[in-house]
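Below is one structure; the comments refer to it alone.
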Amino acid sequence: MGSALLSQWVAGPESVTVVDPMASDLPEGVALVPDREKIASQRFDCIVAAVKPQLIDEVMPAYRENIAPGGYILSIAAGYSAGRLSRLMGDAPVVRTMPNLPAAIGRGVSGICPGPHASSDHLVHAEAFMRRAGSTITVDSEEKLDRVTAVAGSGPGYVFEIARAYAEAAMAQGFDEDEARDMVLGTMGGAVAMASEPSAPGLEELRNSVTSKGGTTAAGLDALNSDDGLSDRLHATLQAAYDRAVELR
Ligand SMILES: NC(=O)C1=CN([C@@H]2O[C@H](COP(=O)(O)OP(=O)(O)OC[C@H]3O[C@@H](n4cnc5c(N)ncnc54)[C@H](OP(=O)(O)O)[C@@H]3O)[C@@H](O)[C@H]2O)C=CC1
Ligand SMILES: O=C(O)[C@@H]1CCC=N1
């Protein structure tokens, strides 16, 4: 996820240093160091915590000395609470954000939540930084951010899986893999673009506008969700992701 954000951030005026033991192929203009020792004496206005939540306790404390006066930590880690991270970093200001993968093409959706000691300047900076990677929604509690994680952070995973299963079903109708992929992604992309038009009606009305009485869509929708199976499955999906975020706090 860090490299997806980096691909959008490099267009900005800041100088960026990435610490990654194995990284290669970073965008031009980014300084890469394999470990923190190489930047031991440097200070940064914003340190982005982009390792897995399970590695934060091990990796992040070494960076306490790297926070410039007035600087802050911007964490993209799912679940791991801002309070816990702030304490780990010697009561440093923390802003948490939850981006999603389409940030890689500037179409991400990022939740943002100010944590302990974060000033309004830190929040404004984090919002501007994340807007370079797509749209943002600022929430006032970490509980809400963990719900953004369940809906949007993990969301591209659900969408890719739904598209994969949809394409698999298209192949069972006799289309080859490329035909199935093109039809499914074209249909999903077109429908999402239409629903995203500023003057678009609500989603239920849009669905109804495809559904002729006694027609093919009605038959398909009946199989898809007349027993609320799809709705129930999606509720369970978001709840499971949220519950996992809570476990990672
Ligand atoms: N994937 C997603 O869609 C999203 C992920 N996130 C969050 O982003 C974070 C990263 O997740 P994800 O990108 O999926 O995971 P990855 O494993 O792809 O990325 C983690 C990166 O951290 C590097 N790393 C490991 N150890 C160190 C270290 N000691 N110092 C510096 N860098 C290190 C890894 O290098 P190496 O590969 O060499 O181990 C890797 O490049 C997580 O906290 C996750 O919750 C948030 C929103 C969406
Ligand atoms: O699966 C994860 O834990 C991360 C956070 C949201 C998306 N990927």
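Data table
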quantity: Signed unit charges on C-beta, dipole axis of the chain, positive-most listed residue A118, A167, N100; calculated: A118
quantity: Efficiency of FRET between A193 and L248 - r from beta-carbon atoms, R0 45 angstrom, step 0.05; calculated: 0.85
quantity: Interchain or long-range residues, amide H under 5 Å from V48's placed H; calculated: L74
quantity: Formal net charge of residues neighbouring D182 (Cβ-Cβ distance under 15 Å; K, R +1; D, E -1); calculated: -3
quantity: Computed over the chain: relative contact order in percent, which uses C-alpha pairs under 8 Å that are six or more apart; calculated: 15
quantity: Most to least accessible of T17, T187 (protein chains only, probe 1.4 Å); calculated: T187, T17
quantity: Cα-centre dipole for the stretch 1-145 with unit charges at Cβ (Lys and Arg positive, Asp and Glu negative), debye to 20; calculated: 200
quantity: J(HN,Hα) series, the stretch 242-247, from Karplus relation 6.51 cos²θ - 1.76 cosθ + 1.60, nearest Hz, glycine and proline x; calculated: 4, 4, 5, 4, 5, 4
quantity: For L32, distant residues with modelled amide H under 5 Å away; calculated: V18
quantity: Positive-end extreme of charge dipole, the chain - chosen from G71, S196, T216 (charges on Cβ); calculated: G71
quantity: S24/T217 FRET efficiency (R0 30 Å; Cβ-Cβ; nearest 0.05); calculated: 0.05
quantity: FRET efficiency estimate (nearest 0.05) - Cβ-Cβ, A68 to A236, R0 35 angstrom; calculated: 0.20
quantity: Computed [θ] at 222 nm, helices only, for the chain once each DSSP H run of length n ≥ 4 contributes -39500 (n - 2.57); calculated: -14000 deg cm²/dmol
quantity: Cut-off under 5 Å, modelled amide H: who pairs with G134 long-range; calculated: G108
quantity: Fully extended contour minus Cα-Cα distance, from S141 to D227, at 0.36 nm per residue; calculated: 27.5 nm
quantity: For the stretch 2-152, alpha-carbon Rg and Dmax in angstrom; calculated: 14.3, 40
quantity: Cα-projected label distance for S209 with S7, points at 7 Å along beta-carbon direction, nm; calculated: 3.2
quantity: Point-charge dipole on Cβ atoms (K/R +1, D/E -1) for the chain, about Cα centre, debye to 20; calculated: 620
quantity: Alpha-carbon centroid distance for the pair the stretch 1-62 / the stretch 142-221, whole angstrom; calculated: 35
quantity: Helix 216-225 vs. the chain, principal-axis angle (Cα, 0 to 90°, nearest 10); calculated: 50
quantity: Solvent-accessible area, 1.4 Å probe, carbon plus sulfur percent, for the chain; calculated: 55
quantity: Rel. contact order, % - alpha carbon contacts under 8 angstrom, at least six apart, the stretch 110-200; calculated: 24
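The values are calculated or read from the model by the stated rules, or taken from the named source; none is laboratory data. Just so it is clear, the structure is predicted and the values come from calculations on it, not from any experiment. For neighbour counting, all protein chains shown are included, and Cβ atoms are generated from backbone atoms with ideal geometry for every residue, glycine included. Quick note on the areas: whole protein, heavy atoms, side chains included, nothing else; ligands and nucleic acids left out. Shrake-Rupley method; radii C 1.70, N 1.55, O 1.52, S 1.80 Å.
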